[in-house]
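Presented below is the structure to which this report refers.
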Amino acid sequence: MEAYSEALRGGILIGVASWILLAGAGRISGVSSITSGVLTSKRQSTPWRWAFLFGLVGGGALFAWLLNAPPVEVRSAFMLVPAGFLVGFGTVLGSGCTSGHGVCGLGRRSLRSVAAVLTFMLTAMFTVLITSHLPPAEWWVSLIEEGLQWVFRR
């Protein structure tokens, strides 16, 4: 159980923070909808959204620094950019993200959120299964670079 205690404490903090936002401001802490609101909504509704996003990123950075979190391996842009687009597309298609559906929606016993979370999890498991049997990213990057060189040589 010792290995999972940090994840458990983090999960409790996320749940409490989501409850505080819901009880205090009447808002769901769905990161995708909050980010979308910052980019698309009128000025009067954005200050709380900016504060939320700043706290999300700034709080994570602060506590990573304070708690001496181990460094994370930086991935290739050839992997991150398509992954980001796919996540964004899935978020729009699913009308929300794991924070909105998984933390808030399941807490409110929403059947739509149950379906969304099951879809997220099954897709994630399938993705891990597939990608664990594919060659490493460097192989794909070199293949793409060689293909582009071949195309532009012609």
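Read-outs: derived from the displayed coordinates by stated rules, not from any lab. These numbers come from a predicted model, not from an experiment. Every residue, glycine among them, receives a Cβ derived from its backbone with ideal geometry; neighbour counts consider all protein chains shown.
Here are a few things to note about the model shown:
- Size of charge dipole - the chain - debye, nearest 20, with Cβ of Lys, Arg +1 and Asp, Glu -1, no other charges: 800 debye
- Global size of the stretch 80-154 as Cα Rg and Dmax, reported in angstrom: 17.5, 59
- Separation of alpha-carbon centers, the stretch 1-67 and the stretch 70-94, rounded to whole Å: 19 Å
- Charge dipole of the chain about the Cα centre (unit charges at C-beta), most positive-ward option of Pro47, Ile12, Thr123: Pro47
- Protection proxy ranking of 28-36, 47-55, by the mean of other Cβ atoms within 10 Å over each peptide's residues and highest first, is 28-36, 47-55.
- Relative contact order, percent, the chain [alpha-carbon distance under 8 Å, six or more residues apart]: 24 percent
- Overall form of the stretch 19-79 per C-alpha gyration tensor (a/c, 1.5; a/b vs b/c): oblate
- Of all the options Leu56, Leu66, Leu134, the one that moves most in a Gaussian network model of the chain with Cα springs shorter than 10 angstrom is Leu66.
- Compared with the alpha-carbon gap, the fully stretched path from Val74 to Val38 is longer by 10.3 nm at 0.36 nm per residue.
- Sequence-ordered 3J(HN,Hα) estimates for the stretch 137-144 from the Karplus curve with 6.51, -1.76 and 1.60 and θ = phi - 60° stand at 4, 4, 5, 5, 4, 5, 5, 5 Hz, glycine and proline given as x.
- Nearest 10 degrees, 0 to 90: helix 31-40 Cα axis against the chain principal axis: 90 degrees
- Rounded if a/c under 1.5, otherwise prolate or oblate - the stretch 4-154, Cα gyration tensor axes: prolate
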